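Just below is one structure, and these are the notes that go with it.
The values are calculated or read from the model by the stated rules, or taken from the named source; none is laboratory data. Here the structure is a predicted model, which is why all the values come from computation and not from measurement. Don't worry about glycine lacking a Cβ; one is built from the backbone with ideal geometry, like all the others, and counts go over all protein chains shown. Heads up: the accessible areas ignore ligands, DNA and RNA and are worked out on the full protein's heavy atoms, side chains in. Shrake-Rupley method; radii C 1.70, N 1.55, O 1.52, S 1.80 Å.
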Amino acid sequence: MVDHPVSDNENTSTRSLLIGRLLEARWLLIALAVVFLFFSSRWPDSERMLILAYVLLCGVIVFSWRKTKEAKALGITAEKKQRSIWPATQVKMFVNAIPEPCVVLDGEGMVRYTNTPMRDAFGTITKGELLTQKFRNPDVASALSDVKANGLSVSIPYRERFPTERHYLIHMSPIVLSSYHEAAPGPDFICVVMLEQTERYRLEEFRSEFIANVSHELRTPIASLTGFIETLLGPAKDDEVNRERFLKIMLEQSQRMGRLVGDLLSLSRIEMRSHLRPTNEVNLAAIVNHVTDAMVPLAKEAQLKVNIKMNDGLFMVRGDQDELVQAVGNLLENAIKYGGDGKSVDVSVLEVPAPVEFDKKGRECYMIDVQDCGKGIDSVHIPRLTERFYRVDAEESKAKMGTGLGLAVVKHILARHQAYLRIVSTKGEGTSFKIYFLKLEHTSDNQNI
């Protein structure tokens, strides 16, 4: 058997432990010494009194040890009570520094604090409300239960459907502030961070849809170009009479492909930003004037007149200037191309009560109305007009170099602006495209919970 030498560090720690215990019990030791000295000096020769003193000293020791245990137990209880104390300043400062939507819950899953990005993205969340009441999703409830039960971080995908589709990765992390965590299992608080994944999902959807749409819509012009090129290189190689006619057709088909690709790219850019609300202030009157001036050559070619009807003044809304120019331009271009039978198109900017389906409160709003006097559209087609590549008359659309994407672009632009499109048409009397915008209101974004 080998004796292991005791190191200096072990001796030092032992001495420190003994000294610490003596210091902790110093008042008890002093009291015992005083009591013993009292009995010894009072009855130095009395054996009975010394035995009584000994019994009293033992009682004091037992009583003091019990008190010490109770004090430690009370200390543990106080520590557990501290777990429910809200560390307001530190946690709020940390949560406000997070750029993503973030909410802090207590150990039961009730909301304690939210940062500004969270309120901007999901509206006001009431303090003391259960998170599962705001996000009624079984995956969210299951993940929250796992965090509370196991004290481990959990990440789950989440999709928000209203007012526009948005995708998030919800990351839930437990926060343990107590040093006596084993005495009361479960986290003190739970930090929930919403990492937005919408753009990534949009890119994936665009990639698959772009391939499908392009392969379908470009098949005809590519086949036409290929056929004419083979003809010019083969049988019509020296046919100077038909060469110019073939080249003109090829030019038209290539231009059609260019417009189609341009509309697809424009639509994809708008869709990727559909979840972001515009923040700039724009004047609808200036947009209508700009679009009307740009459409003058097309109107002259169609031999019709564009009439503008609006009062003087500003029609201010919150929006993106370029996108609204594109939306109004698409509507006016369609009215000139397909509704020019009546030889005039009217564009109006008015202040009217909002339709009930747009705003239940019936607040005043601004309306842009593009009205043609053409042959009109059958009512069975109206619900599908804003679908991609949907055409009322495919042959007429192709003859007028339409891509079938113009109204789809308008729909997505207006969805991003939280505007409303109403289509009214009567056979033989023309079609009206009405866009409703809520008037610009300056409100404070600061919300305290």
As a quick test, which of the pairs LYS92/LYS439; LYS375/LYS411; LYS305/LYS411 have an alpha carbon distance above 32 angstrom in this structure? LYS92/LYS439
Listed residues VAL410, VAL306, VAL34 arranged by accessible area, highest first, probe 1.4 Å: VAL34, VAL306, VAL410
In whole percent, the fraction of accessible protein surface over the stretch 222-291 that belongs to carbon or sulfur atoms, probe radius 1.4 Å, stands at 56
Quick check: Cα centre of the stretch 184-260 to Cα centre of the stretch 297-375, how many Å? 30
Heavy-atom accessible area of SER254 with all protein chains present, probe 1.4 Å, nearest 10 Å²? 50
Accessible area of the stretch 119-174 belonging to carbon and sulfur atoms, whole % at 1.4 Å probe: 49
Tell me, what is the 1.4 Å probe accessible area of ARG200, in Å² to the nearest 10? 110
Heavy atoms of the protein only, probe of 1.4 Å, neighbouring chains included. What is the accessible area of SER142 in Å², nearest 10? 60
How many Å² of accessible area per residue for the stretch 122-204, probe 1.4 Å? 54
For PHE38, PHE206, PHE135, give me the order by solvent-accessible area with a 1.4 Å probe, most accessible first, ignoring ligands, DNA and RNA. PHE38, PHE206, PHE135
By the mean-Cβ-within-10 Å protection proxy, highest first, 322-332, 349-359 rank as 322-332, 349-359
Please list HIS171, HIS417 in order of solvent-accessible area, largest first, computed with a 1.4 Å probe with all protein chains present. HIS171, HIS417
